[in-house]
């Protein structure tokens with residue numbers, strides 16, 4: 001089959017697009033669409049809390065990195081887990097989500113655990129697949145396709161469920177995993193010996209001071225303003241008298257498609273401008289996007305402008321993710337690619353969970369406008385700090 005790194009960039013991008021098509025389908029379905037389906041079926045909120053706890057199975061996926069790096073190949077991990085996930089989805093299709101809720105939750109836990117291995121291996125393969133010059137566009141495709149997968153797993157799943165029911169919906173989501181599986185049948189893993197570095201990769205990565213600063217300080221600060229704003233976005237819409245249908249269409253469907261275009265655009269920008277100048281550009285846009293939410297935070301103004309503001313934040317979020325992922329990929333060591341890349345980017349997931357929980361509570365005391373104003377200030381500070389840090393940035397492959 002040959003070395004895929006010797007083929008065209010277009011083919012490598014197509015492989016990434018197929019892989020990340022399923023990146024967030026399970027997560028968005030379990031923590032979005034399934035909540036709605038169960039609530040409609042009369043399941044009390046107390047039981048739904050179990051679903052949020054199951055999210056911990058996925059949030060700690062970076063802990064699996066050393067195992068994925070040292071055993072087998074990334075391609076092998078992906079193909080095996082994709083088959084298992086198809087089986088899990090089809091098993092759920094035969095259950096009733098309300099009457100068989102315990103069984104559904106067990107299968108959901110299994111799906112999240114397997115997805116943690118799947119997505120960690122996917123990160124490792126992406127690092128090995130892309131040379132430094134293609135990482136901007138590659139991560140733009142990754143972010144864009146992840147947005148599409150959210151549309152499919154959330155809004156798309158709910159739409160299909162309303163017409164075709166549970167069994168068809170869950171089966172259709174399972175079948176999507178056969179797309180990357182079919183692609184991987186014809187794609188070899190890029191060759192290269194996996195050196196066994198002494199010590200635990202999770203520990204040895206943080207021996208680099210710059211990496212510690214990047215992962216634990218720079219990345220959280222760069223994304224914090226965006227997460228503060230998005231944590232209260234839906235409540236602001238409700239306070240502005242948006243209907244649930246309008247919120248669902250804008251947040252789950254239109255935002256996903258905008259995110260696809262924004263991811264591709266951000267990837268092209270990083271490729272053209274480089275890492276540091278792209279952070280300055282994306283950070284500046286992030287500040288503008290968050291400031292555009294101020295009218296909505298005060299109860300809304302012109303509906304079209306409020307919708308445009310929400311979609312502008314989606315563009316800013318996609319740009320933030322592309323910048324963080326590209327720089328994190330630069331710093332992933334080839335011999336522990338899954339561990340290094342997943343550890344750095346998992347910070348975003350943990351940060352989002354924390355801020356999403358705290359944001360609503362804080363908003364009750366200080367109000368929406370104050371939090372949006374704070375998010376703008378955080379975006380300014382985050383852009384400045386990230387741009388300064390990037391002055392000394394180099395890809396580990398080039399060191």
Exercise. Going by the structure shown, is residue 126 buried (at least 17 other Cβ atoms within 10 Å of the Cβ), in contact (Cβ under 8 Å) with a residue 12 or more places away in the chain and either assigned to a helix (DSSP H, G or I) or outside the structural domain of residue 22 (by TED's automatic domain parsing) (or both)?
Worked result: yes
Problem set entry | Filter pass, residue 114 being part of a helix (DSSP H, G or I), touching a helix residue (DSSP H, G or I) at 6+ places or on another chain (Cβ under 9 Å), surrounded by 18 or more Cβ atoms within 10 Å (Cβ to Cβ) and not assigned by TED's automatic domain parsing to the domain that holds residue 346 | yes
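Return yes or no: is residue 356 surrounded by fewer than 19 Cβ atoms within 10 Å (Cβ to Cβ), at negative phi and part of a helix (DSSP H, G or I)?
Working: surrounded by fewer than 19 Cβ atoms within 10 Å (Cβ to Cβ): yes; at negative phi: yes; part of a helix (DSSP H, G or I): yes.
The answer is yes for residue 356.
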For this session: Output the number of the condition that residue 258 fails; it satisfies all remaining conditions of (1) modelled with pLDDT of 85 or more; (2) more than 17 Å from residue 305 (Cα to Cα).
Result: (2)
Exercise. Just a yes or no: is a residue in the range 100-110 outside the structural domain of residue 329 (by TED's automatic domain parsing), crowded, with 17+ Cβ neighbours inside 10 Å, at pLDDT below 90 and not in a helix (DSSP H, G or I)?
Worked result: no
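Could you tell me whether residue 327 is in a helix (DSSP H, G or I), outside the structural domain of residue 124 (by TED's automatic domain parsing) and buried (at least 17 other Cβ atoms within 10 Å of the Cβ)?
Values: in a helix (DSSP H, G or I): yes; outside the structural domain of residue 124 (by TED's automatic domain parsing): yes; buried (at least 17 other Cβ atoms within 10 Å of the Cβ): yes.
Yes, satisfied.
Take residue 278 and tell me if it is closer than 23 Å to residue 140 by Cα and under 17 Å from the mean Cα position of the chain (by Cα).
no
Suppose we keep only residues that are in contact (Cβ under 8 Å) with a residue 40 or more places away in the chain and under 27 Å from residue 21 (Cα atoms) within the range 290-312. Which one would you say is surrounded by the most Cβ atoms within 10 Å (Cβ to Cβ)? Lay out the reasoning, then the answer.
Of all residues in the range 290-312, those in contact (Cβ under 8 Å) with a residue 40 or more places away in the chain come to 290-291, 293-294, 296-300, 306-307, 310-311.
Remaining after also requiring under 27 Å from residue 21 (Cα atoms): 307, 310-311.
Working: 307: 17, 310: 25, 311: 20.
Filtering first and then ranking leaves 310.
Return the residues of the range 289-324 that are over 20 Å from residue 260 (Cα atoms) and part of a helix (DSSP H, G or I); say none if nothing qualifies. Lay out the reasoning, then the answer.
Step one: of the range 289-324, the residues over 20 Å from residue 260 (Cα atoms) are 291-306.
Selection gives 291, 294, 295, 296, 297, 303, 304, 305, 306.
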Problem set entry | From the options 234, 262, residue that is within 22 Å of residue 146 (Cα to Cα), free of Cβ contacts under 8 Å to residues at least 24 places away in the same chain and not assigned by TED's automatic domain parsing to the domain that holds residue 147 | 234
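The values are calculated or read from the model by the stated rules, or taken from the named source; none is laboratory data. All of these numbers come straight from a predicted model, not from anything done at the bench. All Cβ positions, even for glycine, are placed from backbone atoms using ideal geometry, and neighbour counts span all protein chains on display.
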